[in-house]
Amino acid sequence: MNEHTPTPTEALPGAGNGLPSYLEQSPAVRERFAQLQQRKVILEVRDLQKRYKSLQGETEALRNINFQVHRREFVCVIGPSGCGKSTLIRILAGLEKHTAGDVLLDGQPVTGPGRDRGMVFQGYSLFPWLTVKRNVMFGPLMNGHSRDSAEREARLWLDMVNLGKFADAYPHQLSGGMRQRVAIARALVNEPRILLMDEPFGALDAQTRAKMQRHLLKIWRNLDITVLFITHDLDEAIYLADRILVLKANPGEVQEVIEVPVPRPRSPEQFSTPEFRATKARLEALIHPPEAQGEEEAEGEDALPEKIIRFTNVGDNVE
Amino acid sequence: MNIRILLTYLSRPSRYRGAVFTLGAFLLPVLLWCAVSYVPFIWHPMVKVENPGGVDYFTPGMLVDRSEFQDQMKEMRQAGKPLPVGVRANPIYLPAPHEVARALYTAFTTAPEQRDAPWLHQSLWHSIQVIFWGFVLSSVVGVPLGVLCGTYVTLSRLSEPFVEFFRYLPAPAFGALAVAVLGIYDGPKIAIIFIGTFFQQVLVIANTTRKLDTTILEAARTLGTRGWRLITHVVVPGILPDLYRDQRILLGWAWTYLIVAELIGTSSGITWFITQQARYQHFENVYAAIIIIGVIGFGSDLLFERIGRRLFPWDRTQERKSA
């Protein structure tokens, strides 16, 4: 990787609280990464830049983004709000145009949306007028499959996401997690080269989200599919990813690419392992830098006001 | 399935409650009308003469102002002549509910006063045809244009300023022009309804189209949909329930242009019936005809709503409304 080589001092965070460095990899993990690197590059992003004009003048949303994703790799993109991670994935999907650089899928430049890149959106993107089965059949039908074969494929993929029983339900009759599973099936039925996921579980409650993460890993393990997954949840990124692309804001740039040292297969118990905690500490340090924290909190939009007007009776204290 | 059972269970009491409200909404004005008609001390500004007494210009059955009747009473008393007798009454233009109710039946069974004139049901049918053709012609052009304007910014920039300008021109203003171009029969009437509907239709439907969730369009594009198929397979089905609702509202709009439209050229349809009956002072028939228009409009809308529920089982706006 050529993006950023951490200096020894940078590698230290965590060392103080008894954690190993996040750069330390067990032999099995190191072996796995070596194998991954041997795999074919599915997606390559070179010197990607995105500028757009707004009322405040020209804004640089993304600058000098470089990375590669190998076949069957699971890459997460993480960063503070406004770092352009959604813009990045939308460019990869072909929904937005970039201003400079290249996006290559199997060596071919991306020019617009296409079935070779499946996308799962954060919001509910199912077609409300189609039943679950018809939603999944949509892609194959659009791409010239016969109704019979589309239906056969749809059934197969609905079983894969465990929703075979709901084939004839309408999206509004499903829970949030179920809808996102349909969206995943709908994207996968097209057999894309890469699955792009834009904070797909962001709107779900914690329990459902954990279930969906496990489910997604299971699907990924059993399919020849490469995943690029956007999230703002650190635990989610570490739990799912082989590598984590950390972006910073204003302009959006790659800060570091972290090889997650947590061995596979993953399970929720690993959340408390030293590797996991070391990686999380590193991500936290990158996304909320400790030295800047004081100033940011004072000035940032999300800062709490010093004083809040009191609307309760004097003496009626809860703390 | 569980969900379905739950839904029917929930919808039953609410539908019942809905019916009560609907009934109440109609009952209140009817009760008011009954009160004004049957309770003699509410309003009743006239006196219906039963016995003219000594007043030479009074005739039995004549309606006079109450003050005038009292003046005459005073005069007769002073002159020592027999006093006139009368009961308080409403003006002729406010018939009582039972008279209008009777007229609702008799208007259909009474032959027209002129021999070659149409019966009421023929007049109504004629009106419905005028509305139908005006609305259908408007929709055939207006709906596709609206959808395209809502989808393609260039097209909407090109067409909407003019449409926006035109919609402020009152449709009846084109009456004389329409007669000059299309003759005196149904042509100009259909044209007025067309003009009254079309320009609103383009704007309303373009707006509805623009409100389609962009995520749905983007999802379709990432699934390999492009060009014309985006419109036929995503935009149109996506907006269909809202488009249907818009059309229902626009049809109501078309009805409001009916009376003006039918006055243009040779008066026809329900308007002809109403003007004829008013000329003969058969106001109960006038009210009956107005009520019939309302019943047809409201009834057809209810019917379309029911059909819509069948057509769009996924439409959640309806669930919200009935809940």
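The values are calculated or read from the model by the stated rules, or taken from the named source; none is laboratory data. What you are looking at is a predicted structure, and each value in this text was computed from that prediction instead of being measured. Neighbour counts run over all protein chains shown; Cβ positions are idealised from the backbone, glycine included. Each accessible area value is taken on the protein alone, full model and side chains, heavy atoms only, with ligands, DNA and RNA left out. Shrake-Rupley method; radii C 1.70, N 1.55, O 1.52, S 1.80 Å.
List of remarks:
- Qualifying helices (runs of 4 or more DSSP H) (wholly inside the range A:100-188; at least 2 residues being among the small types (Gly, Ala, Ser)): A:147-160, A:176-188
- Here A:Gln108 qualifies as within 30 Å of A:Leu48 (Cβ to Cβ), modelled with pLDDT under 95, away from every other protein chain (no Cβ under 13 Å) and open to solvent by 50 Å² or more (accessible area, probe 1.4 Å).
- Of the numbered criteria (1) surrounded by fewer than 17 Cβ atoms within 10 Å (Cβ to Cβ); (2) assigned to a helix (DSSP H, G or I); (3) β-branched (Val, Ile, Thr); (4) touching a residue at least 24 places away in the same chain (Cβ under 8 Å), the one B:Val260 fails is (1).
- If you go through the range A:26-39 and keep only what is open to solvent by 30 Å² or more (accessible area, probe 1.4 Å) and touching a residue at least 40 places away in the same chain (Cβ under 8 Å), you end up with A:Ser26, A:Ala28, A:Arg32.
- Screening A:Glu58 with (1) under 25 Å from A:Asp198 (Cβ atoms); (2) charged (D, E, K, R); (3) modelled with pLDDT of 90 or more gives one miss only, at (3).
- Selected residue (criterion: nearest to the other protein chains (Cβ to nearest Cβ)) from residues of the range A:156-188 that are open to solvent by 40 Å² or more (accessible area, probe 1.4 Å) and more than 15 Å from A:Leu130 (Cβ to Cβ): A:Lys165
- Filtering the range B:263-295 to residues that are open to solvent by 60 Å² or more (accessible area, probe 1.4 Å) and under 11 Å from the mean Cα position of the chain (by Cα) leaves B:Ile290, B:Ile291, B:Val295.
Every residue, every condition in (1) in a helix (DSSP H, G or I); (2) within 20 Å of B:Pro97 (Cα to Cα); (3) in contact with a strand residue (DSSP E or B) (Cβ under 6 Å, 6 or more places away or on another chain); (4) modelled with pLDDT under 90, yes or no:
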| residue | (1), (2), (3), (4) |
| --- | --- |
| B:Gly18 | yes, no, no, yes |
| B:Val30 | yes, yes, no, no |
| B:Cys34 | yes, yes, no, no |
| B:Lys48 | no, yes, yes, no |
| B:Gly54 | no, no, no, yes |
| B:Met73 | yes, no, no, no |
| B:Met76 | yes, no, no, no |
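- Condition met for A:Leu88 (in a helix (DSSP H, G or I), open to solvent by less than 10 Å² (accessible area, probe 1.4 Å) and over 30 Å from B:Pro241 (Cβ atoms)): yes
- Residue within the range B:206-224 that is more than 30 Å from A:Pro200 (Cβ to Cβ) and in the same structural domain as B:Pro241 (by TED's automatic domain parsing) present: yes
- So A:Val132, is it in contact with a strand residue (DSSP E or B) (Cβ under 8 Å, 6 or more places away or on another chain) and either closer than 30 Å to A:Ile65 by Cβ or within 14 Å of another protein chain (Cβ to nearest Cβ) (or both): no
- Scanning the range B:37-60 for residues that are in contact (Cβ under 8 Å) with a residue 40 or more places away in the chain and not aromatic (Phe, Trp, Tyr) turns up B:Ser37, B:Pro40, B:His44, B:Pro45, B:Met46, B:Val47, B:Lys48.
- With respect to the conditions (1) open to solvent by 50 Å² or more (accessible area, probe 1.4 Å); (2) touching a residue at least 60 places away in the same chain (Cβ under 8 Å); (3) out of contact with any strand residue (DSSP E or B) (no Cβ under 7 Å at 6 or more places or on another chain); (4) within 13 Å of another protein chain (Cβ to nearest Cβ), A:Leu126 falls short on a single one, namely (1).
- Any hit, the range B:117-138, residues being part of a helix (DSSP H, G or I), under 28 Å from A:Leu126 (Cα atoms) and out of contact with any helix residue (DSSP H, G or I) (no Cβ under 9 Å at 6 or more places or on another chain): no
- A:Glu236 being under 13 Å from the mean Cα position of the chain (by Cα) and either surrounded by fewer than 21 Cβ atoms within 10 Å (Cβ to Cβ) or not aliphatic (A, V, I, L, M) (or both): yes
- When A:Glu153, A:Glu96 are screened for being within 19 Å of the chain's Cα centre (by Cα) and within 14 Å of another protein chain (Cβ to nearest Cβ), only A:Glu96 passes.
- Among residues that are within 22 Å of A:Ile244 (Cβ to Cβ), buried (at least 23 other Cβ atoms within 10 Å of the Cβ), within 18 Å of the chain's Cα centre (by Cα) and within 11 Å of another protein chain (Cβ to nearest Cβ), A:Leu43 is not included.
- Flag for B:Val179 being part of a helix (DSSP H, G or I), open to solvent by 20 Å² or more (accessible area, probe 1.4 Å) and within 24 Å of B:Ile264 (Cα to Cα): yes
- Filter result for A:Asp198 (of a type in the set (Asp, Glu), within 12 Å of chain B (Cβ to nearest Cβ) and within 25 Å of the chain's Cα centre (by Cα)): yes
- Residues that are assigned to a helix (DSSP H, G or I), of a type in the set (A, V, I, L, M, F, W, C) and either at the interface with chain A (Cβ under 8 Å from one of its Cβ atoms) or crowded, with 23+ Cβ neighbours inside 10 Å (or both), drawn from the range B:207-238: B:Ile216, B:Ala219, B:Ala220, B:Val234
- Residue match in the range B:87-105 (condition: polar (S, T, N, Q) and either assigned to a helix (DSSP H, G or I) or touching an Asp or Glu at 6+ places or on another chain (Cβ under 9 Å) (or both)): no
- Contact annotation: residue pairs with Cβ atoms under 7 Å, 6 or more positions apart or on different chains, pairing a residue in the range A:79-95 that is touching a residue at least 40 places away in the same chain (Cβ under 8 Å) with a partner that is assigned to a helix (DSSP H, G or I), are A:Gly79/A:Lys85; A:Gly79/A:Ile287; A:Pro80/A:Ile287; A:Ala93/B:Thr222.
- So B:Thr209, is it modelled with pLDDT of 95 or more and farther than 18 Å from B:Val136 by Cα: yes
- Selected residue (only one of A:Glu269, A:Glu299 is surrounded by fewer than 15 Cβ atoms within 10 Å (Cβ to Cβ) and modelled with pLDDT of 85 or more): A:Glu269
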